[in-house]
Amino acid sequence: MLLFILRRLLQTVPLLVGITFISFVIMQLAPGDYLTSMQGNPNVNPETIARLRTSFGLDRPWHIQYLLWLKNAVMGNFGYSFTYKIGVFELMGQYVFATLLLAISSMTLSWAVAVPMGVYAATHKNGLIDRMTSFLAFTGISLPGFFVALLALLFAQRTGWFPVGQMQSANYTSLTPIGKLQDVGWHLILPTLVLGTRGVASIMRQMRGNLLDVLGENYILAARARGLKEKVVIVKHAVRNAVNPLITIFGYEIAGLLAGAALVETVMAWPGLGRLLLSAVQSQDLFVAMGSFVMGALMLIIGNLIADVLLAVTDPRIRFS
């Protein structure tokens, strides 16, 4: 297993180079840059803009800019944020905890709710619960994330049960450690429900379909013919094989959370990387955008690696060799 993990990690090097190269080219397709927007500001001298452009290498051809950025990134320097006036690595460190917290909580909610619902719907096919869950799943898949976020904010404002936006209350610094934990958890509920809704819907439908396919296999009929209890047949034989395709998409779910969180974080004012990436792209803050792209690529690669390892653990037919 160790050799497999090391080989996969080595394969990430050319993959990251390709992703960053494509991202850099796309960012360069936009006319101008962040410093271009400062040219109409009467408080900024043209000489200052020219000096900054030379200092950050923005006056050079785009391929030279990319090579300079790649060289600095390998050494741990992801550049400087024009908007926030601090280093990109330091800036992302302020937002990564919020994104990971939201991603882990929403993914935990999705899998903890969707898998049992999918199993129950498959074992009670065409029943009332199956029809209700199917309706809720199609509704959750169809509704856009930003629309659900707006509805959640409206609900919070009307009822006052949940805070409207942000990750902390105004008096957060004066709270006790337990009070701070409760305050963050209170703010986390609505974003988690909004971001996890689509995950619950899609995973539940896939789990239901996979389990229905497995229940028709010959080895399931043989297990029932041997007199095994239905619960043992479902849990030990059917569910274990039906969940394997879901583990395969686990890695894509992790990376998809960053893309889905961008709109949710923007609407609900959650201070995460998705919101930071969207703001950086809009303001053409090049180095912040590139750092966010690298983070998204790493989440996808690590997620797929975790999925491959889990798949080999749950399915004894798979060998790393």
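Given the alternatives (1) 6, 26, 35, 24, 6, 3, 1, 0; (2) 5, 20, 25, 24, 16, 7, 2, 1, 0; (3) 5, 21, 22, 19, 16, 11, 5, 1, 0, P(r) over Cα pairs in 10 Å bins from 0, in percent as computed for this entry is given by (2).
With respect to the chain, whose longest principal axis is taken over its alpha-carbon atoms, helix 286-314 is tilted by about 20°. Compute the acute angle (0 to 90°) between the alpha-carbon long axis of helix 273-283 and the principal axis of greatest extent of the alpha-carbon atoms of the chain; round to the nearest 10°. So the inclination is approximately 40 degrees. A Gaussian network model of the chain, with springs between Cα atoms under 10 Å, assigns the largest mean-square fluctuation among I203, I249, I49 to I49.
Helix 2-29 versus the longest principal axis of the chain: what is the Cα-based angle in degrees, 0 to 90, to the nearest 10? The angle comes out at about 50 degrees. In whole Å, how far is the Cα centre of the range 84-116 from that of the range 257-311? Measuring centre to centre over Cα atoms gives 9 Å.
A Cβ-based charge dipole, computed about the Cα centre of the chain with Lys and Arg at +1 and Asp and Glu at -1, lands at about 960 debye. Here's the list of lysines a cross-link from K236 could span, going by alpha-carbon distance under 30 Å and ignoring same-chain residues fewer than 8 apart: K125.
Which of L70, Y84, A50 sits closest to the plus end of the dipole of the range 42-111, meaning its Cα is farthest towards the positive end, when Lys and Arg get +1 and Asp and Glu get -1 on the C-beta? Farthest towards the positive pole: A50. Averaging Cα coordinates gives a centre for the range 118-191 and one for the range 1-60; these two points are 36 Å apart.
Since every read-out is calculated from the coordinates, none of them should be taken as a lab result. Quick caveat: nothing in here was measured; it's all calculated off a predicted structure. Here Cβ is always computed from backbone atoms with ideal geometry, including for glycine, and neighbour counts include all displayed protein chains.
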